[in-house]
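I have placed the structure first, in the form of C-alpha cells, so that the comments after it can refer back to it.
We did not get these values from a lab; they are worked out from the coordinates using the rules stated. Only a predicted model underlies this, so the values are computations on that prediction, with no experimental measurement involved.
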Amino acid sequence: MDMFKLFNKMKGSASAVSKADLDGESFKAQYLSTPNAVLVDVRTPPEFALGTIKDALNMDIFADDFEQNIRKLSKTNAYFVFCRSGRRSRSAVKLMELAGLTAYDLAGGINAWPNHKPQY
C-alpha cells in the first residue's frame, strides 16, 4: 500500500492516541488473556525475516492488498498489531477498526514487547 494513500486516507487519525494503544506490558498481558487473540506484525517481509514475536502473522501494511486482506479477517478474533516503532501498527489498527475488527496497537513497536531482544 502506498504510504501517501494510507496516511491521506487516515486524515491525521494515525497520530491520535487510541484506547487501543497499549504499552508493552499491557499489550502482552491483554494478548495472553484474550481468547481468539491473533498477533500481527505489519512490517515488511524482510523486516519480519530478521525476527519477530513468536507466533506472529506477517501482514505487510505496504502491500497493495493490505486493506483487502484485513477485510477477510474474522471479526471473532482480537488482533494485536505491532511494527518496528509503532507508527505503521497504529495506522493498521485504525484501518482494522474501520473494517469492524477489534485491534490493539503495541505502542513503541516490537522493542516495547517485554524481554524482546532486537536482532537489528
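A few comments on the model shown:
- In this structure the amide hydrogen of Tyr104, modeled in the peptide plane, comes within under 5 Å of the amide hydrogens of Tyr79, Phe80, Val81, none closer than 5 places in sequence on its chain.
- Residues whose amide H lies under 5 Å from that of Asn58, counting only those 5 or more places away or on a different chain, are Asp41; hydrogens are built 1.01 Å from N in the peptide plane.
- For region 22-35, the Karplus equation 6.51 cos²θ - 1.76 cosθ + 1.60, evaluated at θ = phi - 60°, returns couplings of 10, 5, x, 4, 5, 4, 5, 4, 5, 4, 5, 9, 9, x Hz by residue, with Gly and Pro reported as x.
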